[in-house]
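The next block holds one structure in the form of structure tokens; read it before the comments.
The values are calculated or read from the model by the stated rules, or taken from the named source; none is laboratory data. Keep in mind it's a predicted model, so treat the numbers as computed, not measured. So basically every Cβ, Gly included, is an ideal-geometry build from the backbone, and we count neighbours across all protein chains shown. Note: areas computed on protein heavy atoms with side chains; ligands, DNA, RNA excluded. Shrake-Rupley method; radii C 1.70, N 1.55, O 1.52, S 1.80 Å.
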Amino acid sequence: MTKLIIDGIEVEVPSEYTLLQACEAAGAEIPRFCFHERLSIAGNCRMCLVELKGAPKPVASCAWGVRDCRPGPNGEPPQVFTKTPTVKKAREGVMEFLLINHPLDCPICDQGGECDLQDQAMAYGIDTTRYHENKRAVPDKYIGPLVATKMNRCIHCTRCIRFATEVAGVPDLGAIGRGEDMEITSYLETAMRSELQGNVADLCPVGALVHKPQNYNMRPWELSKTESIDVMDAVGSAIRVDARGREVMRIEPRVNEAINEEWISDKTRQIVDGLRTQRLDQPYVRENGRLRAASWQEAFAVIAARVRGADPKRIGALVGDLVAVEEIYALKLLMEALGSPNLDCRQDGAALSPAQGRASYLFNATIAGIEQADAILIVGANPRTEASLVNVRIRKRWRLAPLPIGLIGEPADLTYGHDYLGAGPETLAEVIAGRHSFAEKLKSAQRPLIIVGQGALMRADGAAVLALAAQAAQAFGAVAEGWNGFCVLHTAAARVGALDLGFVPGEGGLDAAVMAQAGALDVIYNLGADEIEIAPGAFVIYQGTHGDRGAHRADVILPGAAYTEKSGTYVNTEGRVQMANRASFPPGDAREDWAILRALSEGLGSRLPFDSLPQLRRKLYAEHPHLGAIGEIAPGDGPAAIQALAAAGGTPSREPFASPILDFYLTNPIARASGVMAECSAIARERRLEAAE
């Protein structure tokens, strides 16, 4: 720790702090444009000037380390001043320079109301300028469908360049020219390739980069802001849903150091238009092969007639990827009341089961724990498309100190250096047996990390592959006291919560793959499962939000609420319990999913034991106490579960692993309903075709 005196206040801060961080620790406010805590230091804008006693002129506090400050002549701590006339004059001069070429078009700028330059010009600038020369003109650049450019406003802070290069790992942006002729560009003016590109608009301190889909659609003061959780993948990124009236207008990231830091993926951010289009807003009943609109009572009556006439053993229930814990629990209670053992949440056929212990299906090391790993083996996964923010953590760890990373599965550009080991289970077996050079790197690691993706599990031999991965974890010491490096990477937001509830086949029950076959069941209750093909024959009740695959196959459609339209609990891939809050209301006659199931249970003569969401949650928490600990990760039965899993054995095939994500932008009904995601998907498809040529 180092002592400093800042504006007369003595503080002790870590020696690796910059003066800017030290000043903020002392309660002083330091303006900045180029500095960002998660990016490298550039020292471009000079807005953070402070006076350091003994220095001949003001210093840039973002680029001056605390350890570089010299003590006074008698050994007294270095003194820093942030409010002197010298500092005030220096900041006013910097602001005057920054505004020489800025167009000052605040009334029509989409950043108005949230602009750092606007705010700091009011706080630290002056109301006149000595410059009357013509302002420079810079042509706008095309950098893709998600970020619009107004480069006349650019102040060359280079935050966007540093983010693309350092965090995203896709150096799409750079600077050409020098001085007044410097321009930020994508070089050949092609669309950015990163799945995190929308974050550059958040980082931009002026209106040079703004979100194109929301451009000129809203002002920030019109919006109501609701803290919530993302469900586009299983990471559970912290988000803020901004709505105007009943309509969601945009989704922004929130800071959560344990999960997404302050980034979100483009799919998380820009599926907003998908929440409005192709929505199911009233019940439908199929008659003579065609769906027609119906009332809730009519739809319930049709369902009741079919369910009462069916053998409970020939009734089944499927749960999709975006469903909250509350409605999964309600559906499980309903199926139990009807006497059906046919339940499954694994519509992709993943070989995971709560019977093997919670540690057998969690990302046990936690997302933040990736930064503690010193060797990583990725099996059957592409974290960049399956869990973008997990990939960001791996890249962050790799940048701190390059570590050995091995990939078994489909070759992929993971944005960091790694060794491609092979394509299938036989390579994993070779690594375990020590016949591969990467085995030595894992053996010498103190905290190795084994990441198993759904591409390795959603196969006929998935159970054998999972057991093989558990054997690898044991062989290389990935499960030890104080460290559990056996990690399952999920792609579905609902999966871990459903497994925690035991939404899997009961004794004699059928799994999802068998239920979907022709003649297997008479009635299937499909709760938002749109990624599975159900063969003709069974009577299908679909409860969901969009006119997607599940609705096309349905005989009765019950319109539910999207994740922004209800309060619901989700459990992310690491087992962290989180709460999504309602930011708007479902359209038309659509209702919250738990309420639909409660009303239907009355008509089926199996009334569920709750009448409100608080009552449902009280019963849920009584049976599963860990689901009531919001923000917490319940401790698992780590070593014992992994040991039992490894002992399960099995003989995997030689078939190569294949990623479950064929198109990053079109993975669920909301994304497939989004025009913005469709445009991004088309660009990505063109790139894949060009690469194949």
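Annotation: average projected area of region 246-335 is 9.4 square nanometres, based on the convex hull of Cα atoms across all directions. DSSP bridge analysis restricted to the chain gives an antiparallel fraction near 55%, rounded to the nearest 5. If every alpha-carbon in region 345-458 counts as one equal scatterer, what log10 I(q)/I(0) does Debye give at q = 0.10 1/Å? These q points yield log10 I(q)/I(0) values of -0.29. Just so you know, the Cα atoms of region 165-238 work out to an Rg and Dmax of 15.6, 45 Å. Our summary of shape: the Cα atoms of region 53-197 have principal axis extents of 59, 39, 29 Å, ordered from largest down, in whole angstrom. Counting every C-alpha pair in the chain, the share spaced more than 33 angstrom apart comes to 54%.
Each 5 Å bin from zero holds the following percent of Cα-Cα pairs in region 503-581: 3, 14, 21, 19, 18, 15, 9, 2.
Short-range pairs are left out: with C-alpha atoms under 8 Å and at least six residues apart, the relative contact order of the chain is 14 percent. Only lysines eight or more places from LYS141 in sequence, or on another chain, were considered; those with a Cα closer than 27 Å are LYS150, LYS212, LYS267. For LYS3, a cut-off of 21 angstrom between C-alpha atoms picks up these lysines, skipping any fewer than 8 places away in its own chain: LYS53, LYS83. Show log10 I(q)/I(0) for region 1-130 at q = 0.11, 0.16 Å⁻¹, two decimals, from a solvent-free Debye sum over equal Cα scatterers. Log-scaled intensity ratios, in q order: -0.42, -0.81. Between the helical axis of 388-400 and the longest alpha-carbon principal axis of the chain there is an angle of about 40 degrees.
Placing unit charges on each Cβ (+1 for Lys and Arg, -1 for Asp and Glu) gives the chain a dipole about its Cα centre, and among GLN454, ALA90, ALA538 the Cα reaching farthest toward its positive end belongs to ALA90. Sites listed here are trypsin sites (Lys or Arg not before Pro) in region 131-234 whose DSSP assignment is loop and whose Cβ has at most 10 other Cβ atoms within 10 Å: ARG178. Each Lys and Arg contributes +1 and each Asp and Glu -1, all at the Cβ; summed about the Cα centre of the chain, the dipole is approximately 480 debye.
The shape of region 627-693 comes out oblate: with a ≥ b ≥ c from the C-alpha gyration tensor, a/c is at least 1.5 while a/b does not beat b/c.
For region 527-532, backbone phi angles converted through the Karplus equation (6.51, -1.76, 1.60; θ = phi - 60°) give residue-by-residue couplings of 9, x, 8, 9, 9, 10 Hz, Gly and Pro being listed as x. Every Cα-Cα pair of region 519-667 was included, and the share exceeding 23 Å stands at 57 percent. When the surface is traced with a 1.4 Å probe over the full set of protein chains, TYR361 keeps roughly 10 Å² accessible. Charge dipole (Cα centre; +1 on Lys/Arg Cβ, -1 on Asp/Glu Cβ; no other charges) of region 71-158 amounts to roughly 240 debye.
The GluC sites (Glu not before Pro) of region 462-554 meeting both criteria, a DSSP state outside H, G, I, E and B (loop) and at most 12 other C-beta atoms within 10 angstrom of the site's C-beta, are GLU481, GLU507, GLU533. Each listed q (0.31 Å⁻¹) maps to a log10 I(q)/I(0) for region 238-279 from the Debye sum over equal C-alpha point scatterers, namely -1.05. Restricting the calculation to Cα atoms, region 332-390 shows an Rg/Rh of 1.11 when the hydrodynamic-style radius is the Kirkwood one. Ligands, DNA and RNA aside, MET47 has an accessible area near 0 Å² when probed at 1.4 Å.
Solvent-accessible surface (1.4 Å probe) assigned to TRP296 amounts to roughly 40 Å². Ordering ILE176, GLN278, TRP221 by the projection of their Cα atoms onto the charge dipole of region 147-292, which places +1 on the Cβ of Lys and Arg and -1 on the Cβ of Asp and Glu, puts GLN278 at the extreme positive end. Of the residues VAL488, VAL523, LEU499, the one whose Cα sits farthest towards the positive end of the charge dipole of region 467-593 is VAL488 (charges of +1 on Lys and Arg Cβ, -1 on Asp and Glu Cβ, taken about the Cα centre).
What the Cα convex hull of region 1-55 gives, in volume per residue, is 92 Å³.
Among the GluC sites (Glu not before Pro) in region 534-613, none sits in a DSSP loop with a Cβ that has at most 14 other Cβ atoms within 10 Å. Evaluating 6.51 cos²θ - 1.76 cosθ + 1.60 at θ = phi - 60° for every residue in region 148-165, the Karplus couplings come out as 9, 10, 10, 6, 4, 8, 5, 10, 6, 6, 6, 4, 4, 5, 5, 5, 4, 7 Hz, glycine and proline recorded as x.
Computed from point charges on the beta carbon alone (+1 for Lys and Arg, -1 for Asp and Glu), the dipole magnitude for region 236-345 about its Cα centre is near 580 Debye. Could you pull out every one of the lysines with an alpha carbon less than 20 Å from that of LYS313, ignoring same-chain neighbours closer than 8 positions? Leaving aside lysines fewer than 8 places away in the same chain, those within reach of LYS313 are LYS332. So what is the relative contact order for region 259-319, in percent, with contacts set as C-alpha pairs under 8 Å and at least six apart? Reported as a whole number, the value is 17 percent. Percent of Cα pairs in region 561-603 per distance bin of 10 Å, from zero to the largest separation: 27, 42, 26, 5. Mean silhouette area of region 129-200, derived from the convex hull of its C-alpha atoms and averaged over all directions, reads 5.3 nm². Structural descriptor for region 381-436: relative contact order 28 percent, calculated from alpha carbon pairs under 8 angstrom and at least 6 residues apart.
Amide H contacts of PHE539 (H built 1.01 Å from N, in plane; Pro and chain starts excluded): VAL523, ILE524 sit under 5 Å, all sequence-distant by 5 or more or on other chains.
Computed from backbone phi, the HN-Hα couplings of region 128-140 come to 9, 9, 9, 9, 10, 5, 5, 7, 6, 10, 10, x, 5 Hz, rounded to whole numbers (Karplus: 6.51 cos²θ - 1.76 cosθ + 1.60, θ = phi - 60°; Gly and Pro given as x). Expressed as a whole percent, the proportion of Cα-Cα pairs in region 160-285 lying more than 21 Å apart is 48%.
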